[in-house]
Every structure is written in structure tokens, then in C-alpha cells.
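What follows is one structure encoded as C-alpha cells, with my remarks underneath.
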Amino acid sequence: MVIVLTVAVSLISILFSMVGLGGGILFTPIQVWFGVPFHVAAVTSLFLMIVLSLSASFVFGKAKKIDWPLAVVLVSATMLGGFFGGIVSVQFSGKFLSILFSLFLLGVGYFMMNFREKKRRDVSQAGRIFSWSRSQNDHSYSTNLAIALPISFIAGSVSGLLGVGGGLSQIPMMVLLFGVPIDIAVGSSTFMIGFTAMGGFFGHLVQGHWDWKTSLILAAGVFIGAQIGSRISIGLDKNKLRRTFRILLFVVAGITFFKAVG
């Protein structure tokens with residue numbers, strides 16, 4: 001079982017590191033399908049996302065695809081949210097979290113179906129209170145921290161509670177609300193995912209959910225997969241991958257839901 005899981009998480013890492021997502025969307029349910037208790041699967045998923053983030057961030061950072069100051073500021077809120085989600089997760093049953101997870105996937109899939117990257121705009125909010133003017137790779141944009149920080153906290157809470165990557169919320173927020181170029185958003189999200197997952201991981205660790213032996217074995221496959229996926233991502237057409245993931249999300253959501261209620 002561990003060998004099959006290692007191969008599976010490696011392939012998942014290749015796919016999801018391409019678009020700045022942590023892979024928790026599939027890391028968690030694939031373990032549940034193999035009989036791993038949900039809470040244990042969630043904390044293992046968070047650990048694997050930390051490994052994926054470290055591996056892929058090295059590639060994205062070298063290619064100058066990460067807005068480091070923005071990522072560090074936003075990740076402070078996502079880490080706090082992730083720790084909160086990990087702590088309160090013990091209050092819910094595995095069945096409830098599985099159903100909630102499937103509904104979450106359906107919502108994300110619907111959002112991705114209607115996702116359109118807006119035309120990049122200049123610093124339209126410059127000079128306003130809480131607005132932070134940024135530039136990366138000759139692109140200028142402005143982030144309203146009064147909006148970005150609360151959303152980041154919520155994204156972190158979802159990550160810690162369900163063992164999923166905060167990039168599901170962070171990337172659309174950066175692109176649609178603040179005009180961050182999609183490639184910068186993907187790279188920055190990849191870096192933030194690791195710290196978001198770290199907050200949730202320690203929250204679960206307090207509750208004693210971690211199977212460290214299995215996690216370390218699976219981590220080897222994740223590290224290799226993230227190296228491959230992030231390198232492919234540098235020159236990739238992400239619109240086609242986004243459509244593929246949208247279909248994949250609906251499939252996983254359906255299987256997870258029926259397994260939980262059945």
C-alpha cells in the first residue's frame with residue numbers, strides 16, 4: 001500500500017506543483033480511500049504539502065516567479081489560520097469532514113469553471129490606506145491588505161481543517177482582486193502553501209494525529225514530483241491544466257462524498 005501511495009502522491013505533486021496548488025485536494029482523499037483515518041490523512045497531507053512547497057519554491061524562486069515580500073506578509077495570516085484549523089479539527093468526525101471536503105471541492109470546481117484571468121491593471125489602488133504597491137518582473141499591481149489578510153486567514157483555516165492547500169483561495173484572490181500576474185501568483189502561492197500547511201500541521205500534531213513513518217516515505221515521492229512539475233510549469237499553458245483539474249475536482253468530490261455517506 002505504501003509503495004502505491006508513494007507513486008500516487010508523486011504524480012499528484014507533478015500535476016499540482018504546475019499550478020501552485022499544494023496537492024492536498026488529492027493527498028487527503030487518496031489516503032482515506034486506502035483506509036487511513038481522515039484526521040491522520042489530513043496531517044500527513046499537510047506534511048507532504050510542506051515538502052512540495054520547499055521543493056517547488058526552489059525552482060520558482062530561481063526563475064523569479066515569487067513576490068517574496070508579498071508572500072511573507074500574506075503567509076503570516078495563513079499560518080495563523082492553518083494552526084486554528086488544525087486545532088479545531090478534533091471537534092469534528094471524520095465522516096463530517098469527508099462530506100465537508102467533498103462540498104468544498106465542488107465549490108472550488110465551480111469557481112474554476114467560471115475563472116477568468118482579468119486583464120492586468122496598473123496600481124489602481126495606490127495611495128489608499130492599507131494598499132501596498134508591488135512590482136515583479138516589470139509588472140505593477142497593488143494589494144489591499146485590509147482584504148487580503150482576512151481572506152488569507154480563512155484560506156489557512158480551511159487548509160488546516162481539511163488538509164488542503166491555501167492556494168485554492170490565494171491564487172484567485174491575487175489574480176482577480178489585485179491584478180497579480182498568474183505566473184507570479186502561482187509561484188508565490190507555492191511558497192505560501194508550505195507555511196500555511198505548517199500551521200495546520202502543528203495544530204494536528206498537538207492532537208497526536210501524525211503517522212511520521214508513512215509521512216517520511218511518501219515525502220520522497222512528493223519531493224521528486226514537485227521538482228518535475230515546477231520545472232514544467234515555467235513555460236506551461238495553465239488554462240488547459242485548469243480545465244483538466246476542474247473535471248478532476250468534480251470526480252474526486254463525488255467519490256469522496258459517496259464513500260463518506262456509504
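The values are calculated or read from the model by the stated rules, or taken from the named source; none is laboratory data. From a predicted model like this one, the values you see are computed outputs, not experimental measurements. Cβ: placed from backbone, ideal geometry, glycine included. Neighbour counts: every protein chain shown.
For the range 210-226, a tally of residues being modelled with pLDDT under 90 and part of a helix (DSSP H, G or I) returns 3. Test Ser152 against the stated conditions and say whether it is under 25 Å from Phe58 (Cβ atoms) and either buried (at least 24 other Cβ atoms within 10 Å of the Cβ) or in contact (Cβ under 8 Å) with a residue 40 or more places away in the chain (or both). For Ser152, the condition - under 25 Å from Phe58 (Cβ atoms) and either buried (at least 24 other Cβ atoms within 10 Å of the Cβ) or in contact (Cβ under 8 Å) with a residue 40 or more places away in the chain (or both) - is met. Among the candidates Ser57, Ser98, Ser76, Ser53, the residue that is among the polar types (S, T, N, Q), out of contact with any Lys or Arg (no Cβ under 6 Å at 6 or more places or on another chain) and over 16 Å from Ser159 (Cα atoms) is uniquely Ser57.
Here is a yes/no grid of residues against (1) modelled with pLDDT of 90 or more; (2) β-branched (Val, Ile, Thr); (3) crowded, with 17+ Cβ neighbours inside 10 Å:
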site	(1), (2), (3)
Leu52	yes, no, yes
Ser55	yes, no, yes
Val59	yes, yes, yes
Asp67	yes, no, yes
Thr78	no, yes, yes
Phe84	no, no, yes
Val90	no, yes, no
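The combined condition, being under 15 Å from Thr78 (Cα atoms) and not charged (D, E, K, R), is not fulfilled by Ser142. Taking the conditions (1) within 18 Å of the chain's Cα centre (by Cα); (2) over 28 Å from Ser233 (Cβ atoms) in turn, Lys95 satisfies each one other than (1). Scanning the range 61-99 for residues that are among the β-branched types (Val, Ile, Thr), farther than 21 Å from Gly24 by Cβ and touching a strand residue (DSSP E or B) at 6+ places or on another chain (Cβ under 9 Å) yields a count of 1. Here is a check on your reading of the model: is Leu161 of a type in the set (A, V, I, L, M, F, W, C) and buried (at least 24 other Cβ atoms within 10 Å of the Cβ)? Judged against the criteria, Leu161 is a match. Looking across the range 24-46, the residues that are over 11 Å from Ala197 (Cα atoms) and within 15 Å of the chain's Cα centre (by Cα) come down to Ile25, Leu26, Phe27, Thr28, Pro29.
Does any residue of the range 13-26 turn out to be in contact with a helix residue (DSSP H, G or I) (Cβ under 7 Å, 6 or more places away or on another chain), surrounded by fewer than 24 Cβ atoms within 10 Å (Cβ to Cβ) and either modelled with pLDDT of 90 or more or not hydrophobic (A, V, I, L, M, F, W, C) (or both)? Among the residues of the range 13-26, at least one is in contact with a helix residue (DSSP H, G or I) (Cβ under 7 Å, 6 or more places away or on another chain), surrounded by fewer than 24 Cβ atoms within 10 Å (Cβ to Cβ) and either modelled with pLDDT of 90 or more or not hydrophobic (A, V, I, L, M, F, W, C) (or both), which makes the answer yes. Within the range 183-199, not a single residue is modelled with pLDDT under 85 and more than 18 Å from the chain's Cα centre (by Cα). Restricting attention to the range 207-223 and to residues that are closer than 14 Å to Ala8 by Cβ and surrounded by 16 or more Cβ atoms within 10 Å (Cβ to Cβ), the residue that is nearest to the chain's Cα centre (by Cα) turns out to be Val222.
When the range 227-250 is limited to residues that are at pLDDT 90 or above and among the small types (Gly, Ala, Ser), the one that is surrounded by the most Cβ atoms within 10 Å (Cβ to Cβ) turns out to be Ser230. Set side by side, the residues Leu105, Leu97 differ, and just one is under 20 Å from Val206 (Cα atoms), at pLDDT below 85 and not polar (S, T, N, Q), which is Leu97. Please name all residue pairs, on different chains or six or more residues apart, with Cβ atoms under 8 Å, provided the first residue is in the range 62-80 and is touching a residue at least 24 places away in the same chain (Cβ under 8 Å) and of a type in the set (Asp, Glu) and the second residue is buried (at least 16 other Cβ atoms within 10 Å of the Cβ) and assigned to a helix (DSSP H, G or I). Sorted first by the residue in the range 62-80, then by its partner, the pairs are Asp67/Ile184; Asp67/Gly187; Asp67/Ser188.
Here Val9, Val2 are screened, and the one residue that is surrounded by fewer than 16 Cβ atoms within 10 Å (Cβ to Cβ) and in contact with a Leu (Cβ under 9 Å, 6 or more places away or on another chain) is Val2.
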